[in-house]
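What follows is a short report on a single structure.
Every number in this text was worked out from the coordinates using simple rules, so none of it is lab data. None of the values given here were measured: they were computed from a predicted structure. All Cβ positions, glycine included, derive from the backbone under ideal geometry; neighbour counts span all protein chains shown.
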Amino acid sequence: MDLSKGPEVVYQIENTLEDYPKFGKFDKMQRTFIVTSNKDILYVNMTEGLEVDIDDAEGISDIKNIIYKDNHFYIISNKKDNKLGYFLLDFDQDNPEKEVKYLIQWANKLDIGDVDMHILSERAPIGGKLEWSLVLSYKAVGINTFNVFVFDLKTHLIKYWHEGY
């Protein structure tokens, strides 16, 4: 790489973000990524030149966090169709134009903050097979509660939910 020529452009985004990027997340092979601003969320597959404007398709905004596991981006949003709530999406990178799955879709007029997501692996009690879960935690700002959810990534069901003051 010749540094005297300046930075090399790897991919030029065609869609524009209304604001400066807030954060983004790449897949393991760094061929697809999601980038967000306060009002926008854009999925990009650089090898195919495909861009999907997720906020237009789903009506979500105020993205709080994104995590990636096994060809899926898990996105937590605080707004859908300009309504406050908790909206956790499972976005399949292999089928980006397919309808997304929602693990949570609660319009409850509550703002959330201090959002964190992690992937948890554990052995099944019977058979010892490795199972994967998504751990989501956040603070509900208006009522000052802290919530922790554990979702089974295979079934998308809530395995555990704790809410404390």
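Listed values, structure above:
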| quantity | calculated |
| --- | --- |
| Cleavage-rule hits (GluC sites (Glu not before Pro)) in region 1-71: DSSP loop, at most 12 neighbouring Cβ within 10 angstrom | Glu8, Glu14, Glu18, Glu48 |
| CD proxy at 222 nm, helix term only [per DSSP H run n ≥ 4: -39500 (n - 2.57); per residue of the chain; nearest 500] | -500 deg cm²/dmol |
| Cα point-scatterer Debye curve for region 43-104, base-10 log of I(q)/I(0) at q = 0.16, 0.27 Å⁻¹ | -0.48, -1.26 |
| Mean Cα-pair separation over length for region 20-164, i.e. relative contact order, pairs under 8 Å, 6 or more apart, % | 12 |
| Residues of type lysines that Lys101 reaches as a straight line, Cα spacing below 18 Å, ignoring anything fewer than 8 places off in the same chain | Lys64, Lys69, Lys79, Lys80, Lys154, Lys159 |
| Mean Cβ count within 10 Å, highest first, over the residues of peptides 117-126, 96-105, 78-87, 135-144 | 78-87, 135-144, 96-105, 117-126 |
| Region 87-165, Cα convex hull volume normalised per residue, Å³ | 113 |
| Sites Glu48 and Lys5 - FRET efficiency at Förster radius 35 Å, r taken between beta-carbons, to 0.05 | 0.85 |
| Förster radius 22 Å - calculated FRET efficiency between Asn15 and Asp114 (Cβ-Cβ, nearest 0.05) | 0.15 |
| FRET efficiency for Lys139 and Gln105, using Cβ-Cβ distance with R0 set to 25 Å, rounded to 0.05 | 0.80 |
| Isotropically averaged projected area of region 1-144, using the convex hull of Cα atoms (one quarter of hull area), nm² | 11.8 |
